[in-house]
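Everything on this sheet refers to the single structure shown next.
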Amino acid sequence: MEAGALSPFASWESFYVIVGSSAAALTGLQFVVMVLGAESNAGATEKTTSAYSTPTIVHFSAVLLLSAILSAPWKRVTSAAVPIGLFGALGVVYTLLVGWHQRKQTEYAPVMEDWIWHMVLPLVAYAATLAGALFVSSDPPPWLFVIGGAALGLLLIGIHNAWDAVTFLALHRMGRRRRDE
């Protein structure tokens, strides 16, 4: 890149400020969901938490981290590709571990929607980030869209999964109340 030329990341700054800030705020709200879950005695164990609740926090935190990586003042695209690639690779490994936790836990029988939202979609998002890191140096514009789409995808996955947890807790609490009456 020429001296004085803007980094290809500069035009993405507002996007990552919005996405990263949203992820940070939603991380705080997820802590509220966890407290509500603990108060409702919904039967969540360490195994179900590892399979369903913790990944939501990780995805929100991942979006915040990816936003920070891409908002850093990189001089060259190749310099940013390394941390982005590491991020994507670790996300793929983490998602595979989540799948293992989902299979191992016995308190909740996951349905197809759970596999899609907790395993398949996050795996696609992290793999897309890894692919973006591998190819962003050769042709930045389209691969920055892939990485940005993956970040937005992880944010939406986290929102869906947090909503799913809140809905489950509310229905569980309502069911307990009806049984007690």
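The values are calculated or read from the model by the stated rules, or taken from the named source; none is laboratory data. Only a predicted model underlies this, so the values are computations on that prediction, with no experimental measurement involved. Reconstructed Cβ throughout: ideal geometry from the backbone, glycine too, with neighbour counts over all protein chains shown. Please note that ligands, DNA and RNA were not included when accessible areas were found on the heavy atoms of the full protein model with its side chains. Shrake-Rupley method; radii C 1.70, N 1.55, O 1.52, S 1.80 Å.
How much of Trp143 can a 1.4 Å solvent probe reach, expressed as accessible area in Å² and rounded to 10?
Its accessible surface works out to 70 Å², give or take rounding.
Quick one: net charge of Phe9's neighbours, Cβ under 13 Å, K/R +1, D/E -1?
So the environment of Phe9 carries a net charge of +1.
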